[in-house]
Amino acid sequence: MNGHGRIPILKVGRVLVVPIQVDMDDQTVLLLQERILTELERTGARGVLIDISLLEMVDSFIGRMLSDIAAMARIMDARTVVVGMQPAVAITLVELGLELKGVDTVLNVDEGIKLLRDEFGIGEEEGDAFQGGLNLVGEQINPA
Amino acid sequence: MARNEVRNIAARLGFLLLDQTRLTTVASELARNVVKYAGRGRLITQMASGATGRRGLRLIFEDEGPGIADVDLAMRDGYSTGGGLGKGLPGSKRLVDEFKIESATGRGTRITVVRWLH
């Protein structure tokens, strides 16, 4: 189960919400990157919100994935926000020497949605905002 | 996986969350190097005892892979022969108290790290 848990991608308004809740091996990281880009193209979402509040470790590989997703999403006219980094993870990342180039980070999901809405104007077009229900796209969420 | 094992051992030895995270991250970086460059190898975990009675955790990563041709270069931030970010080795060194590389081209690599309980 470890590492092979499918990470759900939720579409909320024009934002893809990606709650990472499992420790990811490298294959899972690469697969997730690919799935996010595929869903960006398929759904026309303009924002990506990646919740890493349950991640107990971000090493150089995962850090690079976050930067790469932000860069690739940017080319596809979408903005990426990473939310909920644990303090110990943030300290370790800096000591490791990673900068998470091009990635906006905020404390929690509320702030992430606010940033996407206020700074980038994502989520308010077409009146679908964030009050719409959750649409599950891609694969099914794994049962806990 | 190496990460979970190291986190559990670190927690049992009394390391607090931040040091657990540092050690887990080091294990992830160095175990990845072993798999990436050598295909396979060993991770040995030991309780370390210092001269003044202090205790810590020692992690040894051993492989019989191609070895590191230029250790000084490999320890430089941003240098990578494997298409990575070049943060794995120098970054890991910053996360521990002691860091030692023994490597012979064609014979393998052993990296030993220690983090002391403070």
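The values are calculated or read from the model by the stated rules, or taken from the named source; none is laboratory data. From a predicted model like this one, the values you see are computed outputs, not experimental measurements. Ideal geometry is used to build each Cβ from the backbone, glycine not excepted, and the neighbour counts take in all protein chains shown. For the accessible areas, the whole protein counts, side chains as well, though only heavy atoms, and no ligand, DNA or RNA atoms are used. Shrake-Rupley method; radii C 1.70, N 1.55, O 1.52, S 1.80 Å.
The table below lists the values:
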read-out	value
Solvent exposure, largest accessible area first (probe 1.4 Å, DNA, RNA and ligands not counted), of B:26, A:106	A:106, B:26
Burial order of peptide ranges A:8-14, A:56-62 (average beta-carbon count within 10 Å, highest first)	A:56-62, A:8-14
Members of the range B:60-103 that become less accessible by 30 Å² or more once partner protein chains are added (1.4 angstrom probe, chain alone as reference)	B:85, B:87, B:94, B:95
Where B meets A: accessible area buried, both sides, 1.4 Å probe, Å²	1800 Å²
Between helix B:17-33 and chain B: long-axis angle, C-alpha atoms, 0 to 90°, nearest 10	20 degrees
Order by protection proxy (mean Cβ within 10 Å, highest first), peptides B:32-41, A:16-25	A:16-25, B:32-41
Dipole magnitude of the range B:2-116, debye to nearest 20 (Cβ charges: Lys/Arg +1, Asp/Glu -1, about Cα centre)	340 debye
Dipole magnitude of the protein assembly as shown about its Cα centre (Cβ charges: Lys, Arg +1; Asp, Glu -1), debye to nearest 20	960 debye
CD proxy at 222 nm, helix term only [per DSSP H run n ≥ 4: -39500 (n - 2.57); per residue of the protein assembly as shown; nearest 500]	-11000 deg cm²/dmol
Average partner coverage of A:79-90, which counts Cβ from other chains inside 10 Å	2
Hits among lysines - C-alpha to C-alpha of residue B:36 under 16 Å, sequence gap 8 or more where chains match	B:87
Candidates B:95, B:85, B:57, ranked by Gaussian network fluctuation over chain B, Cα under 10 Å, top entry	B:85
Relative contact order of the range B:2-116, pairs being alpha-carbon contacts under 8 Å that are 6 or more residues apart, as %	25 percent
Rg/Rh (Cα only; Kirkwood hydrodynamic radius) as it applies to the range B:2-116	0.97
Fraction of accessible area attributable to carbon and sulfur, the protein assembly as shown (%, probe 1.4 Å)	50 percent
Area projected by the alpha carbon convex hull of the protein assembly as shown, averaged over all directions, nm²	14.9 nm²
